[in-house]
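Undergrad: Once you've had a glance at the structure underneath, I'll fire off some questions.
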């Protein structure tokens, strides 16, 4: 019988997913430093929800539970979703989002390897459409808050939505820089004066700069480990900064500079962790460039012209839809064949 | 892109080590495991008691057996001769007696038994008279024809008969000979050891092959993990017989198309052979065998085999074909107790041997004793996560994840579109798959299904063609019969009308006579007409008027293809004649003199005829649908 090759040398799916989780750790640490321990609670909530729903669905679908839970893909989805949600998101928001991501976007499509859409982004989009108010209310970075919440206060806010007697929700929350910029531009202010506001920090958001840098660090680790290919983050960042740069050059008073767009929102999380989901992404090298550039352009357009503060989730989902087409049109030349 | 890569390799240190060779996409670096077997010199394995020689040791037709049970044969004697173009001879590896010609298990992936010649060795090892040939003094055609008797096949594992590869081809002369000494599969060291120990003989073989091919240059491609062999070959090539080129160690650089690309930056188009572009590739061991055949007259009776893996002392052996695997294993110190089975070939492309009793054949470059620790069974396959590590590793630049998807869903058309048949089954994709999917298995399955479907389709097409032809023939025969009947009827009628004319002209004749003969003629004509109508499924000719008989005859002689048109024309003519007759106030029939019953019969026949004509007219109005 011919069953060669007899040898193999590949990281398992679990190893790959574990390294992705590992690469997220610096980002989580920075996030915790900037916004407090609330994110840790969100991560735990999302992880448990993901594992429980994944196990339940696998049982319903009569699939082996243990190997599929051990692949850690559900945990990656849970973490990415939790990191996309506002810090101090109420517990049920995390649970509902994760439930949607795992049950609807992943398991109902056939589980690992068969989901056409990025599960975390489906979860995020569902929450954004269903609960727009909560989804756009981010807590102010601890450094900017008059009275930063203690860890226990954060936890009680997540579970009971209660604050210490002296505080109101508005006092601890603020718009994100992206949101703030958009609303202030509508009041006919120019970018230079808007970005004097304290939440803008040095580049694109007080504290957010650290989180972004930490994501970059994790992303470089994934590149070095060859878990992700360079095509996706590069094309995304080039497209996003290219768009931002072009608009910025046309009218600097009305459009923020490229650095702001790179540092703001979920840009780097998207570049290294979200669009690099292999299952819902394209497979050919050229296709990866097209896909990521498409996400970059759409993200910019939604940020500047759309009704939502950030455009990553919708851009990713729209480009997910194009993946079969992109793959079919970007097949590389096979050895010994003309193009 | 290649230019860029080469530029990059020149700028970046470390990549620039092989700046005179080119790169192919992908490839993998499996652990080499060559050191186990290449520290000891090649040992000659003794002659066993019996040798079992499968007839199927090469690609192509089975050779024709020339001996029978009980024959005494000498070492090197021809046992079976090449039959057909692509075939190779089999020789007696030692002297002895043929004891059986029957089916035995052979080392083949199918594991099926096949015809083998069993030779009981007499231990004398007595050579048959050998006829060395001075290749410098003979013409090429004689040499290549003689090589057909040598039994030499490609010893790298492909086992393609060598004489075919050396035939002169006036359409695309060979300019470059490439000697494949890459030996990229892990564990295998037979070519490595051969080059270290017998470099001079290899180079002598290269000179012969270069001469036979008329090649101007010869490049020897060796992977950079064989420093000793490279040195030996360089030393042997000092007179410029060939240029030794070191290629990076990267599986599967030993694949012929990959090696040509590495050495010449030449991509052989998928639908062409390397010889179409003037390049021919030979394995080192094969050119050595060719040298020994011409220099000493020795046919192909042995080869170097690497015995490695779970054996006490891995080593290379020179083994007579037909030697039982067990003898070879014993020579390597025996297999350890936990040996589960034996693999022939390397761990990337080899296959499980059906038993330890199989004989060593021309294809056996390596035998690996396997144990579960060495080649653990892969864990259950997980779903494909489209990580494209396989695509990155594919040396042919295929998209294995897409091919897997298509093969799994039996979407064979798509698999073919995505160039499934360019897959060389090197196993790189499976090697790097995080989900441990047996990808190559899926491709082998899809290929065999497509080939089977193609064969079935070919057979069905042939059957349909034959059936169509049969139907056409039946049709043609019907038409011809109809034509003949019509002719005969017309002839009869001619005769009858001539007679009637005569009757009219001679009123003295008795009316009863004329009436009777007329009646007979008319009946015969009517029956013939009816028959003609009935027989002709296509448009049949109406009864032609007497004056048109000649034309009708000509019609009958026309080719069947023209028949339909001619018949239609005949109908038109008949109609015109009928019309003319009606206008002249004449009934076109000689029915006045027959009895009422016969007249009724004729009328009935006419009615049938009319009906048939209506049908045929509607037919001829749409000739395409006939």
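Every read-out reported here was derived from the displayed coordinates using simple, explicitly stated rules and does not represent laboratory data. Owing to the predicted nature of the structure, the values given are computational and were not obtained by experimental measurement. No Cβ is skipped: glycine too gets one built from the backbone with ideal geometry, and neighbour counts run over all protein chains shown.
Undergrad: Exposure proxy check: A:91, A:230 ranked by fewest other beta carbons within 10 Å?
TA: A:230, A:91
Undergrad: Continuing with the same structure: Return a whole-number percent for the relative contact order of chain A, with Cα pairs under 8 Å and 6 or more residues apart as the contact set.
TA: On the way: 490 pairs, mean separation 62.4, N = 339.
18 percent.
Undergrad: Ok, one more. Shielding by partners for B:390-398, please: the mean number of other protein chain Cβ atoms within 10 Å of each residue's Cβ.
TA: 3
Undergrad: Given Cα pairs under 8 Å that are at least 6 residues apart, what percent is the relative contact order of segment B:338-443?
TA: On the way: 138 pairs, mean separation 27.4, N = 106.
About 26 percent, as a whole number.
Undergrad: With the cut-off at 1.5 for a/c, could you classify segment A:235-291 from its C-alpha gyration tensor as rounded, prolate or oblate?
TA: oblate
Undergrad: Rounding to the nearest 10 and keeping the result within 0 to 90°, find how far the Cα-based axis of helix A:119-130 lies from the longest principal axis of chain A.
TA: 40 degrees
Undergrad: Can I ask one more? Note down the relative contact order for segment A:246-318 as a percent, whole number, built from C-alpha pairs under 8 angstrom at least six residues apart.
TA: Dividing the mean separation by the residue count of segment A:246-318 yields 23 percent.
Undergrad: Still on this structure, I have one more. When you look at the Cβ of every residue in B:346-354, what mean number of other chain Cβ atoms sits within 10 Å?
TA: That works out to 4 on average.
Undergrad: Another question about this same structure. Pulled fully out, how much extra length does the chain show between residue B:216 and residue B:495, if you take 0.36 nm times their separation in residues and subtract their Cα-Cα distance? Don't skip to the answer; put the middle values down first.
TA: On the way: separation 279, 0.36 × 279 = 100.44 nm, distance 8.52 nm.
Contour length minus the Cα-Cα distance gives 91.9 nm.
Undergrad: Can you sort B:140, B:493 from fewest to most other Cβ atoms within 10 Å of each residue's own Cβ?
TA: Details: B:140 15, B:493 24.
Listed from fewest to most nearby Cβ atoms, that is B:140, B:493.
Undergrad: Find how many whole Å separate the alpha carbon centroid of segment B:147-189 from the alpha carbon centroid of segment B:197-231.
TA: The two parts, judged by their Cα centres, are 12 Å apart.
Undergrad: Helix A:13-35 versus the longest principal axis of chain A: what angle, 0 to 90°, nearest 10, using Cα atoms?
TA: 10 degrees
Undergrad: Give the order of A:305, A:180, B:443 when sorted by the count of other beta carbons within 10 angstrom, beginning with the fewest. Let's see the in-between values first.
TA: On the way: A:305 9, A:180 18, B:443 24.
So the residues, fewest neighbours to most, are A:305, A:180, B:443.
Undergrad: Specify the inter-centroid distance of segment A:224-286 and segment B:41-67, based on alpha-carbon positions, in whole Å.
TA: About 64 Å separates the Cα centre of segment A:224-286 from the one of segment B:41-67.
Undergrad: Helix A:38-60: angle to the longest alpha-carbon principal axis of chain A, degrees 0 to 90, nearest 10?
TA: 30 degrees
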